[in-house]
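Notes to accompany the following structure.
The values are calculated or read from the model by the stated rules, or taken from the named source; none is laboratory data. On a predicted model such as this, the values are computed, not experimentally measured, just so you know. Cβ sites come from the backbone with ideal geometry, for glycine too, and all protein chains shown count toward neighbours. To get the accessible areas, we keep the full protein, side chains included, count just its heavy atoms, and leave off ligands, DNA and RNA. Shrake-Rupley method; radii C 1.70, N 1.55, O 1.52, S 1.80 Å.
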Amino acid sequence: HIGTVVGRYRGRIGGWDVVNEALEEDGSLRKSPWLDAIGEDYLDKAFAFAHEADPAAELYYNDYNLWKPAKRDAAVRLVARLRAAGLRVDGIGEQGHWGVDDPPLEQIDAALAAIRASGVKALITELDMDVLPRDPDMWGADLSKRLALRAKTNVYPDGLPDAAQQQLARRYADVFALFLKHGVSRVTFWGVSDATTWLDDFPIPGRVNYPLLFDRNGREKPAFTAVLETLTKGAAR
């Protein structure tokens with residue numbers, strides 16, 4: 001599969017997320033079909049095959065919740081081990097499925113700093129900002145409770161009010177300031193506009209969310225302006 005996909009775009013794609021979500025929250029290896037079928041060296045083989053398919057392409061490890069110290073440190077150790085074995089790994093990508101007030105900026109700052117200090121690039125690979133409330137019971141199996149939570153947390157069914165727009169804009173400005181600070185080399189948004197966001201149906205289907213820079217009609221939101229202004233100021237320094 002790696003040879004087919006990477007080989008097809010050899011010389012045309014600059015970088016690949018080679019291995020995705022291999023770690024548990026405590027930093028141990030996730031019990032995946034790849035681990036069961038091949039063993040721990042499936043990680044080594046994946047990066048070796050990707051490099052063989054396109055020697056010029058950058059190769060990345062990608063995961064979520066790397067702002068949590070245990071998982072972040074495990075990712076850094078994993079990449080260090082792969083590089084010590086002579087394999088090409090150019091960066092670590094954090095999936096930025098964040099909220100407007102969580103995780104704390106200090107934790108994001110620390111994660112990006114640790115990745116850069118490890119000697120590889122820091123990337124943001126799946127960026128959006130959940131503006132709706134969350135509750136631990138949203139992940140439970142009790143359907144009646146999930147239905148009640150959907151009604152309780154679907155707080156903006158008719159559009160995002162100005163105060164919430166401004167909060168979202170400030171959050172985007174703050175995280176992009178951190179991206180500039182730590183030389184983040186790539187930011188990939190998880191969707192283009194609010195019209196097709198996956199967060200309408202996660203973790204409970206049937207809500208209306210507004211996590212991106214463009215609204216449901218493809219128009220720029222205040223968050224778009226905030227990001228543009230942050231990048232412009234950063235470029236002027």
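When we screen ARG83, ARG77 for residues that are among the basic types (Lys, Arg), surrounded by fewer than 16 Cβ atoms within 10 Å (Cβ to Cβ) and at pLDDT 95 or above, the only hit is ARG77. The numbered conditions (1) open to solvent by 50 Å² or more (accessible area, probe 1.4 Å); (2) under 15 Å from PRO157 (Cα atoms); (3) of a type in the set (Phe, Trp, Tyr) are all true for PHE214 except (2). Return the total of residues in the stretch 61-90 being under 13 Å from ALA22 (Cα atoms) and part of a loop (DSSP other than H, G, I, E, B). Total satisfying the criteria: 2.
Of all the residues in the stretch 159-189, those that are farther than 17 Å from ALA122 by Cα, in contact with a helix residue (DSSP H, G or I) (Cβ under 9 Å, 6 or more places away or on another chain) and in a loop (DSSP other than H, G, I, E, B) number 1. For the stretch 95-127, filtering for residues that are open to solvent by less than 50 Å² (accessible area, probe 1.4 Å), within 13 Å of ARG171 (Cα to Cα) and of a type in the set (A, V, I, L, M) leaves 3. For the stretch 178-194, which positions are open to solvent by less than 50 Å² (accessible area, probe 1.4 Å), free of Cβ contacts under 8 Å to residues at least 60 places away in the same chain and of a type outside the set (S, T, N, Q)? Correct list: ASP194 only.
Here is the figure for the stretch 209-234: residues that are within 18 Å of the chain's Cα centre (by Cα) and either in a loop (DSSP other than H, G, I, E, B) or among the acidic types (Asp, Glu) (or both) total 5. Are any residues in the stretch 128-165 open to solvent by 50 Å² or more (accessible area, probe 1.4 Å) and β-branched (Val, Ile, Thr), and if so, which ones? Answer for the stretch 128-165, where residues must be open to solvent by 50 Å² or more (accessible area, probe 1.4 Å) and β-branched (Val, Ile, Thr): just VAL155. Counting only strands (runs of 3 or more DSSP E) that sit wholly inside the stretch 91-156, those with at least 1 residues that are of a type in the set (Val, Ile, Thr) are 91-95, 121-130. For the stretch 195-216, the set of residues classified as of a type in the set (S, T, N, Q) and without any contact (Cβ under 8 Å) to a residue 24 or more places away in the chain consists of THR196 only.
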